[in-house]
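**Q** Here's a structure for you.
Every read-out reported here was derived from the displayed coordinates using simple, explicitly stated rules and does not represent laboratory data. On a predicted model such as this, the values are computed, not experimentally measured, just so you know. Cβ: placed from backbone, ideal geometry, glycine included. Neighbour counts: every protein chain shown.
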Amino acid sequence: MAKTKTQYECSNCGYISPKWNGSCPSCGEWNTFVEKTVSKGKSSSAHKAKVEGLEATAAPKKLEDVETSEKTRFTSNISELDRVLGGGFLPGSYVLIGGEPGVGKSTLTLQIAKSNPELTILYCAGEESAGQIKQRAARLGVKSDKLLVYNETQVDSIIAEAQKMQPDLLIVDSIQTVYRTELSSMPGSIQQVKECAALFQQLAKRKNITTLVIGHVTKEGDIAGPRVLEHMVDTVLQFEGDKQYTYRLLRSLKNRFGAAQEVGVFEMKSDGLSEVSNPSELFISDKTAGVSGNAVVCTMEGTRPLLIEVQALVTPSAYGSPQRTANGFDRNRLLLLLAVLEKRVGKNFSNHDVYLNIAGGFRLNDPAGDLGVCCALVSSLMDEAVAQNMAFVGEVGLGGEVRTVPHLEQRIKEAKKLGFKELVAPDSKQKDGIRYLHEAIKKALR
Ligand code: TYD
Ligand code: MG
């Protein structure tokens, strides 16, 4: 006879403990532990992800006998989306779009239906009613008689319907709303999210149905967010954007079928998301040319160069310890650059408050932005504007040297394209390349 033992399982996250707990050590929820009896020798997760018709049927095959579908990629007809997907959807691929609520995930997926009226799309909506989706679709101008809206959140029904219908694209909005009745935990709990995602993975792979799943991530990086799903899916796209601004970045964090770290740029308008094919124009304004403290830098987003504006404001400080504030830029990096400016260039900021802002709500993480940041800081300190039509690229080292950065040629090309006559960039085979920070500052503030 099999031995049995008692254990306690958190109904929220599935954490297993030998004794009862008031609050779960894993997810922090209170009163979620339920007693379970398990027989020894068997897997403690008594429940397996299995659904009618989805059992494994494939036998091992020689690599050369495996059929590939690389040629049959189909486009989403949204070029910024195709770019991050690596050239369109691969049939049977499993894509996750993550992002904060309200960033525009549902809008983007509905727009796929708009630009592809010939695709059969099964849109499973758990967050909005069919009526609300119809209203939104009307606003977006979706005219497709092959778009089917399915107000269902039970994963088994969705899978059954998808197998029957064999759509070109299955959209699940969102993974946090779908659930399996066999599990006791709430929809959105980590257990439900993982299990449902695993079932959609089997559906995509075994039935060759291209599946696009939407997942919410909260600011706190919620535990039941899509981060736990990253290993299951082929592609993870993250939709980012500040609510105060209209631009949105769609970033590929992982892509089994294309380049990761690729970025697509959109703008949210009253009739939905529109593609921005020249994003640099979005972040640069002509109004600030000739004002002290402004510098344009060329950063890379994926394989794409992007010109953005850095703004510094340096004012005499009224109190003992001066303020240092950075918006869209790492504050520690700002402190480091100030120290380099002080030690290597002799610019003293110790009696000044320093405010640094990256225009347009953009976040500058690329070290190639250092040089522009330093020039903006000195420009504001001396109250002298940076020379017109000048852009900056280069990483600043602790010795005050300007180091070269990847994709320099592409950056130079982008700056030229946007009408910047002079690019202050590190020495790399080009005749007027600079080597030290003080040379760059001299050039910028002449
Ligand atoms: P939505 O796609 O519902 O976000 P998510 O699915 O990621 O939660 O986007 C909602 C936001 O987009 C909302 O703040 C309103 C705005 N929006 C527009 O500005 N224009 C539009 O045409 C649409 C459909 C939405
Ligand atoms: Mg939504």
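**Q** Under the Karplus relation 6.51 cos²θ - 1.76 cosθ + 1.60, θ = phi - 60°, what is the ordered set of whole-Hz ³J(HN,Hα) values for segment 397-407, x standing for Gly and Pro?
**A** The phi angles translate into x, 5, x, x, 8, 9, 9, 6, 10, x, 6 Hz.
**Q** May I pose another question? Can you list the HN-Hα couplings for segment 311-322, worked out from phi with the Karplus curve (6.51, -1.76, 1.60; θ = phi - 60°), rounded to whole Hz and with x for Gly and Pro?
**A** Running phi through 6.51 cos²θ - 1.76 cosθ + 1.60 with θ = phi - 60° gives 10, 10, 10, 10, 10, x, 8, 8, 10, x, 9, x Hz.
**Q** Tell me, L110, L148 in order of fewest to most beta-carbon neighbours within 10 Å?
**A** Exposure proxy ranking, most exposed first: L148, L110.
**Q** Once you have the Cα-Cα distance between S274 and A198, take 0.36 nm times their residue separation minus that, and quote the gain in nm to one decimal.
**A** Full extension of this stretch gives 24.1 nm more.
**Q** Sticking with this structure for a sec: Check which residues have an amide H placed less than 5 Å from A326's amide H, if you skip close sequence neighbours.
**A** Long-range HN contacts for A326: L356.
**Q** Which pairs in the list K61/K194; K3/K61; K36/K207 are over 32 Å apart, alpha-carbon to alpha-carbon?
**A** In this structure, K3/K61; K36/K207 exceed 32 Å between Cα atoms.
**Q** Quick check on packing: order 96-105, 436-445, 270-279 by the mean number of other C-beta atoms within 10 Å, highest mean leading. Intermediate results must be reported in sequence, preceding the final value.
**A** Numbers: 96-105: 20.8, 436-445: 19.0, 270-279: 15.0.
Ranked from most to least packed, the peptides come out as 96-105, 436-445, 270-279.
**Q** Right, here's the next one. Need the full-extension length gain, K143 to E67, defined as separation in residues times 0.36 nm minus the C-alpha distance. One decimal, nm.
**A** 23.9 nm
**Q** Where the centroid of each part is defined by its Cα atoms, how far is segment 348-388 from segment 59-118 in Å?
**A** 40 Å
**Q** If R0 is 22 Å, what FRET efficiency do you get for W20 and M186 from their C-beta distance, rounded to 0.05?
**A** Values: r = 20 Å, r/R0 = 0.91.
Efficiency computed from Cβ-Cβ geometry: 0.65.
**Q** Based on the mean of other Cβ atoms within 10 Å per residue, sort peptides 168-180, 256-268 so the most packed one is first.
**A** Going by the mean number of other Cβ atoms within 10 Å, highest first, we get 168-180, 256-268.
**Q** Taking other Cβ within 10 Å of each residue's Cβ, how do S79, S106, S350 sort, fewest first?
**A** By the 10 Å Cβ count, ascending, the order reads S350, S79, S106.
**Q** Same structure, new question: Unpartnered cysteines of the chain (Cβ-Cβ under 4.7 Å counts as a partner)?
**A** C124, C196, C298, C374, C375, each lacking another Cys Cβ under 4.7 Å.
**Q** Please give the peptides 310-321, 154-165 ranked by average Cβ packing (other Cβ atoms within 10 Å per residue), highest first, as a rough proxy for protection.
**A** Values: 310-321: 14.8, 154-165: 17.7.
In decreasing order of mean packing, 310-321, 154-165 become 154-165, 310-321.
**Q** In addition: What's the exposure ranking of R446, R324, going from fewest to most Cβ atoms within 10 Å?
**A** Taking fewest neighbouring Cβ atoms as first place, the list is R446, R324.
**Q** Restricting things to Cα coordinates, could you compute the convex hull volume per residue of the chain in Å³?
**A** 211 Å³
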